[in-house]
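The values are calculated or read from the model by the stated rules, or taken from the named source; none is laboratory data. All figures in this text were calculated on a predicted structure; none of them were measured in a lab. Backbone-built Cβ (ideal geometry, glycine too); neighbour counts: all protein chains shown. All accessible areas refer to the heavy atoms of the entire protein, side chains included, with ligands and DNA or RNA removed. Shrake-Rupley method; radii C 1.70, N 1.55, O 1.52, S 1.80 Å.
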Amino acid sequence: MQSKCKANAKCKVQNEKYHLRCLECGKTIPDRYTNTCPEGHDSLLRTAYERKRIRKISGKGMFNYIDWLPVEEALSINASPITYKSEDFGKELGLKNLYISFSGYWQEKSVFMKTCTFKEIEAPPTFLRAKERASGKILVVASAGNTSRAFAEVASMTGMPVVAIVPKSCIHRMWTTTENHDCIFLISVDGDYSDAIAISKEIVKIEALGLIEEGGARNVARRDGMGVVELEAAFFMKVLPDYYFQAVGSGTGAIAAWETFIRLIEDGRFGRAMPKIVISQNLPFAPMFSAWQDGRAEIIADKDMRNAEEAIKKMYADVLSTRNPPYSVKGGVYDMLGSSNGRIYGITNEECRIAEKLFESEEGIDLDPAASVVCASLIKAVDEGFVKKDAKILLNITGGGYKRLREDYKMYEIEERMELNPCSSVQLPLDEIERGVKEFESTELLASRRVVNV
Ligand SMILES: *Cc1c(COP(=O)(O)O)cnc(C)c1O
Ligand SMILES: [Zn+2]
């Protein structure tokens, strides 16, 4: 607590557990589920926590790191990533200090994320932040599938409702390990990820509904939730890595890593050098890779996303097909790469397959296609001599373990409640959407009282 502010009412915000800060104007902003600077700056907001030395408490999964999560309470969800030191994959690449962060389902390693990706650590703090800071409005989440699945799983486990909007081609990713899907209003869109986002923006505008846009990369709860990967790694490794590797679509996870490293450096116990952040995209759709290669801070659609639709269809890891990543925004991917002396790789499908095979046979767990991209980028960086063989490397395996999960659980497909076609009609059937969601709200608001808190 900052004593000099005690008598000053304006400083009340500083007595909270955290506040938000705009990186452009530096203003301190109290959190009312605020995702953009009230002054209109094109900057990410960043959380500033009162507690500079983080504690790791026990028995609460990812909420062991609640000091650096923008929430007051914890959910009784035991999802959390783990870190371990790789023996076999590391040896194969000649690396002496390869650490793997694994988000997914892997019993032997005691990691139980039942939607098998690190999106599952974005969802719980986001739900809680909405409950605490947006008076429990219903979240609307648009995604290529993995995000919406994670939100759906947490919704069905806690009773907190969600409206999920997913491209039709990704609907196969919408399942949970729980049978009851009463809390999930699933809308499929005959279009791609960007169409799903556009529709979600229209739907939250329907005033008669108490909906709130989840916020994507601009939502601090999502970023700080993913920061748990780096926190878990820091407590395991006792020191920050020299290099951090991750496959990116939006880059939100990598921005989160950077922000968490900044906090850990401030903490003081884990070393003072910022890790080099090495990100990777899957060719042929790799807009940030293309812009960065060209030395640009902006993505130019005509140059970096030519034939986007075709390119996305060709991707091995199409969950990485974000068309509007937070690249140029202040505090975004461009800034992150620059300030961490980072690098970005473009990875072909063939390189993905080779890397995936090697990783799976050496480490003994199946990968999400996006995680194959990061494995390939590490192989490339080692081949190029970019990483030294004795460097400490943190490889973020952002998803995997689907095969194991299938052995232990039944997967229940989520049925869509509505199908929208943004191309065929100029006008969305907003009346129909309003009616549908209203009916859902009236039943689900009751259910939301069932929230399980620790
Ligand atoms: C979403 C996702 C990514 C990319 O994360 P971003 O934060 O969008 O860059 C990587 N791997 C998996 C498994 C994902 O689901
Ligand atoms: Zn500002």
For region 208-226, what are the residues that are within 16 Å of ligand 1 (Cβ to nearest atom) and either over 20 Å from C375 (Cα atoms) or in contact with a strand residue (DSSP E or B) (Cβ under 8 Å, 6 or more places away or on another chain) (or both)? E214, G215, G216, A217, R218, N219, V220, A221, R222, R223, D224, G225
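Can you tell me which residue among A257, A221, A217 is in contact with a helix residue (DSSP H, G or I) (Cβ under 8 Å, 6 or more places away or on another chain), under 26 Å from G385 (Cα atoms) and open to solvent by less than 40 Å² (accessible area, probe 1.4 Å)?
Step by step, each of A257, A221, A217 is checked, and only A257 is in contact with a helix residue (DSSP H, G or I) (Cβ under 8 Å, 6 or more places away or on another chain), under 26 Å from G385 (Cα atoms) and open to solvent by less than 40 Å² (accessible area, probe 1.4 Å).
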Has region 40-53 got any residue that is open to solvent by less than 10 Å² (accessible area, probe 1.4 Å) and within 16 Å of ligand 1 (Cβ to nearest atom)? yes
Considering residues that are over 16 Å from D366 (Cβ atoms) and of a type in the set (G, A, S), the number found within region 388-409 is 1
Test of understanding: among L320, L337, L283, which residue is under 17 Å from I397 (Cα atoms) and among the hydrophobic types (A, V, I, L, M, F, W, C)? L320
Within region 400-421, restricting to residues that are touching a strand residue (DSSP E or B) at 6+ places or on another chain (Cβ under 9 Å) and assigned to a loop (DSSP other than H, G, I, E, B), the one that is nearest to ligand 1 (Cβ to nearest atom) is G401
Given the conditions (1) over 23 Å from A221 (Cα atoms); (2) modelled with pLDDT of 95 or more; (3) in contact with an Asp or Glu (Cβ under 9 Å, 6 or more places away or on another chain), report the number of the one that P275 does not fulfil. (1)
So, first residue over 24 Å from G191 (Cβ atoms) in region 156-167, second residue assigned to a helix (DSSP H, G or I) and of a type in the set (F, W, Y), Cβ within less than 6 Å, six or more apart or across chains; the pairs are M160/F127
If you go through E72, E132, E92, the only one that is in a loop (DSSP other than H, G, I, E, B) and surrounded by fewer than 24 Cβ atoms within 10 Å (Cβ to Cβ) is E72
Region 423-437, residues that are part of a loop (DSSP other than H, G, I, E, B) and buried (at least 16 other Cβ atoms within 10 Å of the Cβ): L428
